[in-house]
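This report refers to the structure that appears directly beneath it.
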Amino acid sequence: MVTLRASVWMRGVYVLVTLVLTLTPSAASPVDGPPTILSANPLRGLPALQKPHYSWPFPSDLGYLANASAGYLDGFLHDYVRITGSCPLQLSTATEKQVTTCGAVCAASAPNPSRCIALNFSPWYAKFPGVDPTVTGPAERAELQYYTALLTNVSTWLGGCADCTPAGIGAVLLDSEKFSASPTTPAAVSVALTRKCDLIFNLTTVAFAQARVEWYARGSVSRSGTYGWTGPIGASAALVQKQWNHYTLNEQGSTYSCSLYGIRDLFLMRETYRRTVEVAVAFNTSGPHAGRTSSVTPWLALGCGELLLPTHNCSGHEQRYNTPCSVFDFSHPYDPVLSWQLGSELMNLSRYGNTEDPSFTPSDAFAPWDSAEVVCLYPSILDSRASPSSGGSTSLVDHFVAYIRGATGLDGVAPTV
């Protein structure tokens with residue numbers, strides 16, 4: 001038994017964790033493997049989601065990708081890939097065994113195996129020091145060589161795996177939060193930031209031409225406790241009060257995206273997505289970004305996320321980071337009916353049509369969810385910070401089950417309903 005209590009800084013928010021875990025091998029699985037925190041398969045029998053759901057990677061130190069057998073973990077991995085259409089990997093730590101396990105399970109169970117595997121990577125952190133995108137030379141080359149080698153490893157391992165055919169890379173999820181730009185950023189810095197993104201994009205598409213390149217938070221609009229609504233350079237003043245983003249939007253990318261990490265406030269998440277879509281549509285209609293894309297990928301935190309704290313010591317930008325107004329919390333899951341409702345809206349928006357006034361669309365009532373071609377999940381539903389729940393499941397898996405049921409027309413939030 002391991003007890004964890006921590007408040008750490010991760011992906012732009014503080015994460016508060018109080019967790020007791022008992023790590024045991026899956027009792028339901030007839031196939032041996034490393035320990036996991038699951039002892040059942042709550043996904044068995046659930047329908048597949050209508051769109052691909054890519055994810056932050058599974059914990060690499062646990063055994064979720066240790067065995068491609070259909071019986072391993074009571075079939076959990078095969079059901080996960082069948083339902084989401086994807087198998088997630090952490091590019092920087094992935095082993096040949098993990099890559100070929102994903103490949104074999106994708107080949108066996110994914111609806112579209114050739115676009116199944118999702119690679120996660122955070123560029124410019126491993127070999128590139130500092131936060132100045134204008135720096136080139138050896139530091140830049142070292143990061144690019146490192147990334148190229150990782151991509152080559154995955155390609156080589158998949159190519160040598162007979163059981164993996166025809167599995168391929170469906171998406172590369174890039175979390176690039178080292179650089180940023182605002183209207184006051186010097187032009188040379190903005191150009192260098194665009195170039196840094198394009199270098200990574202080009203290497204990605206050379207290695208895996210058919211993969212989507214999902215830049216986390218590219219063009220996102222979000223609600224700030226300090227500035228109000230913030231969004232990318234060039235966004236309308238009617239939508240954002242402060243222009244700031246990790247991207248210039250001049251870089252290459254498959255889509256825009258935004259994080260929906262406060263699902264306990266579903267009304268705010270709808271408005272966050274709506275504003276990001278309006279920014280994307282405006283950029284796609286006219287100006288230098290016209291004709292590229294208006295697709296917006298939502299990143300969902302199911303069963304966890306931002307939690308407000310009862311403190312007055314968070315006024316001002318710097319003080320807010322030292323004494324946060326909110327934390328990314330795993331200890332107080334919100335009501336799973338909200339995950340069910342989000343799944344229902346995101347995957348079945350048309351069912352909410354207004355028969356009394358057809359001119360008032362479901363997008364007006366909720367959010368323009370049809371702008372999402374795919375969905376991304378952060379954290380993964382197998383994150384070790386989740387709380388154990390009944391039936392050998394966890395709080396995050398339970399919320400994912402509720403989300404699937406809402407998305408696929410099933411009433412109730414629990415597998416037994």
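For the residues Leu338, Leu199, Leu119, a GNM of the chain with alpha-carbon springs under 10 Å puts the largest fluctuation on Leu199. Taking a sphere under 14 Å around the Cβ of Asp61 and counting the other residues whose Cβ falls inside, with K and R at +1 and D and E at -1, yields a net charge of +1. Between amide H atoms placed 1.01 Å from N, distances below 5 Å from Leu377 occur with Tyr54, Ser55, Trp56, Leu300, all of them 5 or more places distant or on a separate chain.
Sequence-ordered 3J(HN,Hα) estimates for the range 151-166 from the Karplus curve with 6.51, -1.76 and 1.60 and θ = phi - 60° stand at 4, 5, 4, 4, 4, 5, 5, 5, x, x, 10, 5, 6, 8, 5, x Hz, glycine and proline given as x.
The separation of the range 196-210 from the range 340-417, counted between C-alpha centres, amounts to 32 Å. Under a 10 Å cutoff between Cα atoms, tell me which one of Gly71, Gly231, Gly168 has the largest fluctuation in the Gaussian network model of the chain. Most flexible of the set in this elastic network: Gly71.
Summarising the strand pairing of the chain, around 40 percent of its internal DSSP beta bridges are antiparallel.
Let me know the shape class of the range 178-282, please: from the alpha-carbon gyration tensor, a ≥ b ≥ c as square roots of the eigenvalues, rounded when a/c is under 1.5, otherwise prolate if a/b is greater than b/c, or oblate. Here the range 178-282 falls in the oblate category.
What is the extension gain from Phe360 to Val131, computed as 0.36 nm multiplied by their sequence separation minus the C-alpha to C-alpha distance, in nm to one decimal? Before the final figure, lay out each step's value.
Numbers: separation 229, 0.36 × 229 = 82.44 nm, distance 4.64 nm.
Taking 0.36 nm per residue and subtracting the Cα distance, the gain is 77.8 nm.
Near Cys258, the amide H atoms lying under 5 Å from its own belong to Ala217, Thr297, Trp299; only residues 5 or more places off or on other chains count, and H is placed 1.01 Å from N. Mean-square fluctuation check for the chain, GNM, Cα pairs under 10 Å: which of Phe400, Phe267, Phe201 is largest? Highest fluctuation of the listed residues: Phe267. Using alpha carbon centroids, what distance separates the range 80-109 and the range 266-288, in Å? Comparing the Cα centres of the range 80-109 and the range 266-288, I get a distance of 32 Å.
Measure off, as a whole percent, the carbon and sulfur share of the 1.4 Å-probe accessible area of the chain, all protein chains present.
Working: 9260 of 16850 Å².
Heavy-atom surface of the chain belonging to carbon and sulfur, 1.4 Å probe: 55 percent.
What FRET efficiency, computed as 1/(1 + (r/R0)^6) with R0 = 30 Å and r the Cβ-Cβ distance, is obtained for Ser390 and Thr95, rounded to the nearest 0.05?
On the way: r = 33 Å, r/R0 = 1.10.
The formula returns an efficiency of 0.35 here.
3J(HN,Hα) along the range 203-209, derived from phi through the Karplus expression 6.51 cos²θ - 1.76 cosθ + 1.60 where θ = phi - 60°, amounts to 4, 5, 6, 5, 6, 9, 4 Hz, with x in place of Gly and Pro.
Which of rounded, prolate, oblate describes the range 70-119, given a ≥ b ≥ c as roots of the alpha-carbon gyration tensor eigenvalues and a/c under 1.5 marking rounded, otherwise prolate only if a/b is larger than b/c? Oblate, because a/c is 1.5 or more while a/b does not exceed b/c.
Shown in residue order for the range 290-296 are the 3J(HN,Hα) couplings computed by the Karplus curve 6.51 cos²θ - 1.76 cosθ + 1.60 at θ = phi - 60°: 4, x, 8, 6, 10, 6, 10 Hz (x for Gly and Pro). Would the chain count as rounded, prolate or oblate if I go by the C-alpha gyration tensor, calling it rounded below 1.5 in a/c and otherwise prolate when a/b exceeds b/c, oblate otherwise? Judged from the Cα gyration tensor, the chain comes out rounded (a/c under 1.5). Using C-alpha pairs below 8 Å separated by at least 6 residues, the relative contact order for the chain is 17 percent.
Full extension of the chain between Thr311 and Gln241 gives 22.8 nm of extra length, using 0.36 nm per residue less the Cα-Cα distance. By the Cβ rule of 4.7 Å, the chain holds the following cysteines without a possible disulfide partner: Cys197, Cys258, Cys304, Cys376. Between Arg212 and Ala171, Val172, the built amide H atoms are under 5 Å apart, and every one of these is 5 or more places off in sequence or on another chain.
The values are calculated or read from the model by the stated rules, or taken from the named source; none is laboratory data. These numbers were taken from a predicted model, which means no experiment stands behind them. For neighbour counting, all protein chains shown are included, and Cβ atoms are generated from backbone atoms with ideal geometry for every residue, glycine included. Calculation scope for accessible area: heavy atoms of the full protein, side chains included, ligands and nucleic acids excluded. Shrake-Rupley method; radii C 1.70, N 1.55, O 1.52, S 1.80 Å.
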